[in-house]
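Asks: Take this structure first; my questions come after.
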Amino acid sequence: MNNQSLLFSSASARTKKTHILLMVLISISLGLTLGCNTKADRPDSALEEQGNLADSSITTSEWSISLNNAWARPTKAGMMSAAYFTMRNNGSVPDSLVRVSSNASKDVQIHLSYMNDGIMVMEEQPFVAIQPSEQIPFQPGGYHIMIIQPSMDMNEGDMISLSLFFNSGMIIEQTIQVGNPAM
Ligand SMILES: [Cu+2]
């Protein structure tokens, strides 16, 4: 992250809303072809690469990754939403988030937003590695889970499911709420 994006993510809620609007506009106008490029072959090859590194001897006593403060952005069916949370590795082994699915959409991607020449862009990520004791925020302006064209309206207070698939083979299944409880 450069200073610009750090400033961006610590900006006021009002600026954040402008930023989200910009992100949505980018994703609708440019993002789907540029920043939001689905790169259909990339996640598979990344999975294979990661698969080669997978340690099948990991036990549940060594593995402990948690999601906290999870929420998803309200939206209408067919538009765009994003899910946010804090991912923390409380275990003793490194792992990587490699895929996410949801009941809200068939197309759910791991994204990273960043500033490029003063413009917020976002890009699909093949995986997000997390080390023991590391805490990674998925938040506006950074990593997020992009929920593309949800099949249903996502209204404040609704619940959706998220399944997070890790390189180790571990899966986190969590029900998260629509709307930010902190806003
Ligand atoms: Cu995105």
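Asks: Determine the gain in length on full extension of the stretch N103-A77; use 0.36 nm per residue of separation and subtract their C-alpha separation, reporting nm with one decimal. Before the final figure, lay out the partial values.
Replies: Working: separation 26, 0.36 × 26 = 9.36 nm, distance 1.26 nm.
Full-extension gain reported as 8.1 nm.
Asks: Return the distance in nm (one decimal) between the two label points of a simple spin-label model at Q139 and T175, each offset 7 Å from Cα along Cα→Cβ.
Replies: 2.8
Asks: I'd like the per residue volume of the convex hull spanned by the Cα atoms of the stretch 81-174, given in cubic angstrom. Please list the in-between numbers first.
Replies: Details: hull volume 10.2 nm³, N = 94.
Spread over its residues, the Cα hull of the stretch 81-174 gives 109 Å³ apiece.
Asks: Set the Förster radius R0 to 22 Å, insert the Cβ-Cβ distance between T60 and S161 as r into 1/(1 + (r/R0)^6), and round the FRET efficiency to 0.05.
Replies: With R0 = 22 Å, the Cβ-Cβ based efficiency is 0.55.
No value in this document is a laboratory result; all are computed from the given coordinates. Note that the structure is a prediction, hence the values are computed from the model and not measured. Positions of Cβ are generated from backbone atoms using ideal geometry, with glycine treated the same way; all protein chains shown enter the neighbour counts.
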